[in-house]
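Colleague: Sharing a structure, written as structure tokens. Questions coming.
The values are calculated or read from the model by the stated rules, or taken from the named source; none is laboratory data. Everything numeric here is computed off the predicted structure, so don't read it as measured data. Here the Cβ positions follow ideal geometry from the backbone for every residue, glycine too, while neighbour counts run over all protein chains shown. SASA here: full protein model, heavy atoms, side chains in, ligands and nucleic acids out. Shrake-Rupley method; radii C 1.70, N 1.55, O 1.52, S 1.80 Å.
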Amino acid sequence: MVINIGILVSGRGSNMEAILKAIRDGKIKNCEVKVVISSKKDARALEVAKTYGVKAIAIEEVGFKDRVEYDNEIMKCLIEHGVTPDNGLVLLAGYMKILSPEFVNKFKWRIMNIHPSLLPSFPALHAQKQALEYGVKVTGCTVHFVDESLDMGPIILQAPVPVEEDDTVESLSNRILEWEHKIYPEAVRLFIEGKLKIEGRRVRILK
Ligand code: GRF
């Protein structure tokens, strides 16, 4: 079965691009990115998506009663583009909004996120800065399924990244980003090949 993908973004879109590239290069098969939706109309990600021939739409959270109403609009857009709870996969890639429980439950275990730390350390914003200030010697990145918690859903893949003596937030973020671009497409591939099995908090990777 072909999986229809929707990617939610808010900014630069480098993780989105890594996934689009992996699909274009045939590293991930049996899927199609049907739509990219940005919560910000000036997001660079929208332009990048178009260069890959992917439909890119901005839906800003303006004029909606609350997050549930906004998320309903996002879900409507996904479904209209063929990204459904039956055959869809929703990828958060630098998406700066917290999904409502309604959204999470509608697309249960079909939403992934990438986070720039080794979760459960340093959830939420500025994870790289948090890691540097805490003084850890190793940090990294995590791809996880999205549940109702913030950055605490079942972990799919992680990559460790050393903190160097002379690191700044920028240099550390860049080193982590290189790994984000490797593990996010890999997690997507595993999902599409049906190799991820959730058992409680653990995500088993089938051979
Ligand atoms: C990445 O560091 C990602 O881990 C975090 O937000 C950043 C998005 O970067 N969730 P990009 O838009 O994918 O370039």
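Colleague: Can you tell me how much longer the chain between Y52 and S149 gets when fully stretched, taken as 0.36 nm per residue apart minus their C-alpha distance, in nm with one decimal? Can you show the working numbers first?
Modeller: Details: separation 97, 0.36 × 97 = 34.92 nm, distance 3.25 nm.
Using 0.36 nm per residue and subtracting the Cα-Cα distance, I get 31.7 nm.
Colleague: Given all pairs of different Cα atoms, what value in angstroms does the Kirkwood hydrodynamic radius of the stretch 155-196 take? Before the final figure, lay out each step's value.
Modeller: Values: mean 1/r = 0.0865 Å⁻¹.
For the stretch 155-196, inverting the mean 1/r across all distinct Cα pairs yields 11.6 Å.
Colleague: Taking the stretch 21-103 as the region of interest, what is the percent of Cα-Cα pairs per 10 angstrom bin, listed from the shortest bin to the one with the maximum distance?
Modeller: Pairs per bin, as whole percents: 16, 49, 30, 5, 0.
Colleague: Can you tell me the relative contact order of the stretch 1-138? Whole percent, Cα pairs under 8 Å, sequence separation 6 or more.
Modeller: On the way: 218 pairs, mean separation 37.0, N = 138.
About 27 percent, as a whole number.
Colleague: Something else now. If I stretch the segment between E32 and K129 completely, what's the gain in nm (0.36 nm per residue apart, minus their alpha carbon distance), one decimal?
Modeller: Values: separation 97, 0.36 × 97 = 34.92 nm, distance 3.48 nm.
Contour length minus Cα-Cα distance gives 31.4 nm.
Colleague: Once neighbouring chains are kept in place and the probe is 1.4 Å, which whole percent of the accessible area of the chain is contributed by carbon and sulfur?
Modeller: Details: 5400 of 10340 Å².
It is 52 percent, rounded to a whole number.
Colleague: Using only C-alpha atoms and all pairs of different ones, pull out the Kirkwood radius for the chain in Å with one decimal. Could you put the intermediate results ahead of the total?
Modeller: On the way: mean 1/r = 0.0579 Å⁻¹.
Roughly 17.3 Å, rounded to one decimal.
Colleague: In nm, to one decimal, how far is the V138 label point from the F64 one, both placed 7 Å along Cα→Cβ?
Modeller: Label at V138, label at F64, 3.9 nm between them.
Colleague: Of S117, S171, which has the most accessible area with a 1.4 Å probe, and how do the rest follow in descending order?
Modeller: Details: S117 0, S171 40 Å².
From most accessible down to least: S171, S117.
Colleague: Can you name the helices of the chain, as whole DSSP H runs, whose Cα span along the helix axis is 30 Å or more and whose Kyte-Doolittle mean is not below -1.0? Kindly include the intermediate steps, with their values, before the conclusion.
Modeller: Numbers: long enough: 169-192 (33 Å, -0.05).
Passing helices, by number: 169-192.
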